[in-house]
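Trainee: Sharing a structure, written as structure tokens. Questions coming.
The values are calculated or read from the model by the stated rules, or taken from the named source; none is laboratory data. The model shown is predicted, which means the values in this text are computed figures rather than measured ones. Cβ placement follows ideal geometry from the backbone for every residue including glycine, while neighbour counts extend to all protein chains displayed.
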Amino acid sequence: MSLGHALRRIVEEYPLARTEPPAGHPLAAVIRKGAPDELRRALAGLDGPFLVKGSPGRGTRWAAVPWLAVFDPAITTSATRGYYLVYLFPAHREQVHLSLAQGTVAAIREHGPRAGAYLRASGDALRARLADLAERLPVQSIELGSAGELPEGYEGAHILGLSYTLAELGDERRLRTDLATGIAAYRALKARGGLCGLPGL
């Protein structure tokens, strides 16, 4: 299995998998272990350390939006706070987003119903810090096709990134080059102050 194959499996199989119990489901195992293993292999040529995790949901419920994330442990080890690089899988179309994103749950806890507006405003400020990378990571907004606090929070938390169709996931070289670009943006944001200096922080 390659990174592209792992991503493609999630895109293609998730809609049907969600109609079945997640406990012991082979796709849940792909998201938790198989895909993270492929992502670690793709990261091997890049200086770390990186923590890689995949989430198909919790307990007996599939996630509305499954994810596969790369964390710099000096910044965060969780998708709830800080910022990180993540593959997000929309519910409504055969597509994957590679997103440099802000932690959503922490923003929801701190800002309540204003979290979405806060995340979008801070995303605008963070994009300005990464203006030199905008051409290589041109997607400035994403749609995940699911209603609810978390999916809408993920949309608002997006800073910049890329989107792939199913056909584009067959280009492993491109995926690895784009991953390296995403990691470069992650490091650049860290070097330029991360979330420091944003309103409300």
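Trainee: Going by what's in this entry, would E152 be described as of a type in the set (D, E), modelled with pLDDT under 95 and more than 17 Å from the chain's Cα centre (by Cα)?
Mentor: Judged against the criteria, E152 is not a match.
Trainee: Out of region 89-98, which residues are at pLDDT 95 or above and touching a helix residue (DSSP H, G or I) at 6+ places or on another chain (Cβ under 6 Å)?
Mentor: F89, V96, L98
Trainee: Out of everything in region 1-22 that is of a type outside the set (A, V, I, L, M, F, W, C) and part of a helix (DSSP H, G or I), what residue ends up being farthest from R173 (Cα to Cα)?
Mentor: By that ranking, first place goes to P15.
Trainee: Please state which one of S78, S99 is in a loop (DSSP other than H, G, I, E, B), closer than 30 Å to K190 by Cβ, small (G, A, S) and under 15 Å from the mean Cα position of the chain (by Cα).
Mentor: S78
Trainee: Answer yes or no as to whether L85 is in contact with a helix residue (DSSP H, G or I) (Cβ under 8 Å, 6 or more places away or on another chain), touching a residue at least 60 places away in the same chain (Cβ under 8 Å), in a helix (DSSP H, G or I) and among the hydrophobic types (A, V, I, L, M, F, W, C).
Mentor: no
Trainee: Go through region 163-201 and give me each residue that's in a helix (DSSP H, G or I) and farther than 22 Å from G82 by Cα.
Mentor: Scanning region 163-201 gives A167, E168, L169, G170, E172, R173, R174, L175, R176, T177.
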